[in-house]
Amino acid sequence: MKSTKFTSLLITLVLALVGYFLLPVISESMASSASVLAIGIIIGGVVVTLLAPSSSSVATDEEDRQTLYVGNLPYRANESIVRELFETFGSVYSVRLVKDKQTGRRRGFGFVTMNAQGANDAMAKLNDQEFQERVLKVREAKEKTSQEQTSQAAE
């Protein structure tokens, strides 16, 4: 975060110096306005840098998300039905149901990304519960290992 603000201030300073020294060279009548321009650039850059949202607020939003593995889904279930089911527990950001590459048919499992509190509630309430005549398995999704990614890419 500090390096981003430092970079912004550095760019502002460079622009101000270029405006201060280059503008009078281009036109002698603008010599007095060069210092006003330089001061304006510095003040504007400082204000924009201080008011800009920090990158930590974006990271906080990203950290609040959790991906769940949802297994033993009915083959007829689609993304919108699964989304409706999980939205009763919190904000759902995405639903991805896995399909067979060759047939295009759903494989009976998928992944739901939602806010962390809703994900915890969904795991507690939906795991081992019946949904459309199937008993769901809802767990925290595991990260793919590099070996799994390599073997999947080879297929």
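The values are calculated or read from the model by the stated rules, or taken from the named source; none is laboratory data. This one's a predicted model, so the numbers in the text were calculated from it and none came from an experiment. Note that each Cβ is placed from the backbone with ideal geometry, even for glycine, and that neighbours are counted across all protein chains shown.
For the subset of region 99-123 comprising residues that are modelled with pLDDT of 95 or more and among the β-branched types (V, I, T), which member is nearest to the chain's Cα centre (by Cα)?
Per the criteria, the residue is T113.
Any residue in region 136-153 that's under 14 Å from G110 (Cα atoms) and assigned by TED's automatic domain parsing to the domain that holds I81: show its pairings with residues that are surrounded by 10 or more Cβ atoms within 10 Å (Cβ to Cβ) and modelled with pLDDT under 70 at Cβ separation under 6 Å, as long as the two are six or more apart or on different chains.
Close Cβ pairs (under 6 Å, with a partner that is surrounded by 10 or more Cβ atoms within 10 Å (Cβ to Cβ) and modelled with pLDDT under 70) do not exist here.
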